[in-house]
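Here is the structure we will look at.
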Amino acid sequence: MALSDREREHLERRLKEERVRVTQLLDRSVADHSSESEQDRAGDLTKVPFHLADLGSDAMEAELAASNAIRLSSELAAIDDALERLYRMPEQFGICQDTGVEIPFARLDVIPWARTCDEAGA
């Protein structure tokens, strides 16, 4: 049984909501890291660390921020791809790309950009 028009409309709304959420998080992440230097954020008065661990902490924070930005960018691309699939081939939306069976609506409600029936393929 394919998705009903009502279910597709619900998923379109969810995708748009998730797109707004992810875009805001990504914008905030970029703004937070470009508006002030690492030194300013850490409250340091000098660029010379008091301890080598401070250098490691700063590097770890930068890596974490970059990792989050990459994850959010990937999620945004997946959401945009799902919206395109929904508009281009609405009758195929919600069909597992691996097995060809329907993805459970409960899964699509949580992850509306899901392409597969299981978490491994999301």
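Below are the figures for this structure:
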{"read-out": "Residue match in the range 84-99 (condition: in contact (Cβ under 8 Å) with a residue 40 or more places away in the chain, buried (at least 18 other Cβ atoms within 10 Å of the Cβ), assigned to a loop (DSSP other than H, G, I, E, B) and touching a strand residue (DSSP E or B) at 6+ places or on another chain (Cβ under 7 Å))", "value": "yes"}
{"read-out": "Meets criteria (within 19 Å of Glu7 (Cβ to Cβ) and in a helix (DSSP H, G or I)) for Asp109", "value": "yes"}
{"read-out": "Any hit, the range 64-77, residues being buried (at least 16 other Cβ atoms within 10 Å of the Cβ), at pLDDT 90 or above and closer than 25 Å to Arg6 by Cβ", "value": "no"}
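The values are calculated or read from the model by the stated rules, or taken from the named source; none is laboratory data. Source: prediction; values computed, not measured. In this analysis, Cβ positions are derived from the backbone assuming ideal geometry, glycine residues included, and neighbour counts consider all displayed protein chains.
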